[in-house]
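> Just passing along the structure, written as structure tokens.
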Amino acid sequence: MQVELKNTTKKLCVIGDPVLHSKSPLIQNTMIRALGLDYIYLCQPVKAGRAAAWLDAAREAGYAGFNATMPHKLDLAPHMDELDQDAALYQSVNTVCIRNGKLYGYNTDGRGFIRALADAGVDPAGRRVLLLGSGGAAKAVALKLVQQGAASVTVCNRTAAKAEELCQYAPAVMKAAGFDQATLRREAARAELLVNCTSLGMAGTGGQFEDLSFLKELPPAAAVCDLIYHPAETDLLCLAREAGHPALNGLGMLIYQAVYALEHFADVALDAGAMRTLVEQALKEL
């Protein structure tokens, strides 16, 4: 992709660990070029635990803002000068705008996730949800599901205390559970929507589900969503599709959260659907 650089061009990036697999630069630069905006979007590896140090570097380097992926979303929130409503609720930040040296934190993950579900014809209202993981993305997704009227959200996590902490946000609707096979099978049998918010199955991380047999317990009409988009189809999604479940990966969420992030960066209103079509075409041309 050719991007014109001028002395006035503002810098944006995505930070994470790992992050070199990220499609965010392609997505954002595709939209930036199509819209004629004077920005460039880069990829910046930042090691776990170094988010605070990165903030000083970003300001010194003159960045206009950046997106954050694992494992930085929760770490960034305490360092913001202002948080939007979702970021304040989740205490998780995926979008930072730097204006006059001040840090403005947003979270567009939940909104992007719900829009992606809608595109797939999945309405979470009234559904029993089984959610795997309790990190920054899991928090955004879980609480947005509650806001959208999910009947219940069961959070399964290896560290029980983290799942319980997350569920305190909406104890009437949310409950914590373990990550052992017996628990996963029991909870899957009750679920109408399964969402994987862990990094298990992500290319380059080395972590995989040890046993996916719990998927066999899902009711036939249950939908399955994996927030991972690299690879496009994880083992979890592959098995779900083979069993006939409606299934989607995290690409739609990734695109929509990026659209909403760019709205904050550039202070413009965008046609999210048109941007998804544009970006998907660019991805096909890779």
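> May I ask you to list the GluC sites (Glu not before Pro) in segment 126-220 that are in a DSSP loop and have at most 12 other Cβ atoms within 10 Å of their Cβ?
Numbers: sites: Glu164, Glu165, Glu187, Glu192, Glu210, Glu217; in loops: Glu192, Glu210.
Answer by residue number: Glu210.
> Something else about it: Could you grab the relative contact order for the chain? Cα pairs under 8 Å, six or more apart, rounded to a whole percent. Present the calculation step by step, with values, prior to reporting the outcome.
Numbers: 552 pairs, mean separation 43.8, N = 286.
The value is 15 percent.
> Here is the link list: Lys162/Lys284; Lys23/Lys144; Lys11/Lys284; Lys102/Lys175; Lys11/Lys47. Which ones come out longer than 32 Å on Cα distance?
With Cα atoms farther than 32 Å apart: Lys162/Lys284; Lys102/Lys175.
> Compute, for the chain, the length of the dipole vector about the Cα centre, with Cβ point charges of +1 (Lys, Arg) and -1 (Asp, Glu) only. Units Debye, rounded to 20.
Around 120 debye, computed over the chain.
> As an exercise, find the ratio Rg/Rh for the chain from alpha-carbon atoms, using the Kirkwood inverse-distance average for Rh.
Taking Rg over the Kirkwood Rh, I get 0.96.
> Now a separate question. Arg186: accessible area at probe 1.4 Å, nearest 10 Å²?
110 Å²
> Summarise the accessible area of the chain (1.4 Å probe, protein heavy atoms) by the percent that is carbon and sulfur. Write down the numbers at each step before the final one.
On the way: 6150 of 12630 Å².
Percent of accessible area from carbon and sulfur atoms in the chain: 49.
> Could I ask something else about it? Enter the accessible area of Met202 (Å², nearest 10), with the probe set to 1.4 Å and all protein chains included.
Estimated to the nearest 10 Å², Met202 gives 30 Å².
> Follow-up question, since we're still on this one. Please work out the Cα center distance from segment 222-272 to segment 37-68, rounded to the nearest Å.
First find each Cα centre; the distance between them is then 24 Å.
> Gln281 versus Gln147, label points 7 Å from Cα toward the beta carbon: distance in nm?
Modelled inter-label distance: 3.1 nm.
> Another question, then. Looking at the chain, do any whole DSSP H helices span at least 30 angstrom along their long axis by alpha carbon and average -0.5 or above on Kyte-Doolittle, and which?
Details: long enough: none.
Passing helices, by number: none.
> Sort Glu60, Glu4 from largest to smallest accessible area, using a 1.4 Å probe on the heavy atoms of the protein chains.
Details: Glu60 165, Glu4 140 Å².
The residues order as Glu60, Glu4, largest area first.
> Let me ask you something else. So for Thr154, Thr277, what's the accessible-area order with a 1.4 Å probe, most first?
Numbers: Thr154 10, Thr277 95 Å².
From most accessible down to least: Thr277, Thr154.
> I'd like the antiparallel share, as a percent to the nearest 5, of DSSP beta bridges with both residues in the chain.
On the way: 8 of 41 bridges.
Given both bridge residues lie in the chain, the antiparallel proportion sits at roughly 20 percent.
The values are calculated or read from the model by the stated rules, or taken from the named source; none is laboratory data. Treat the numbers as computed from the prediction; the structure is a model and nothing was measured. Quick reminder, even Gly has a Cβ in these numbers, built from the backbone with ideal geometry, and neighbours come from all protein chains shown. Side chains included, ligands, DNA and RNA excluded: accessible areas come from the protein's heavy atoms. Shrake-Rupley method; radii C 1.70, N 1.55, O 1.52, S 1.80 Å.
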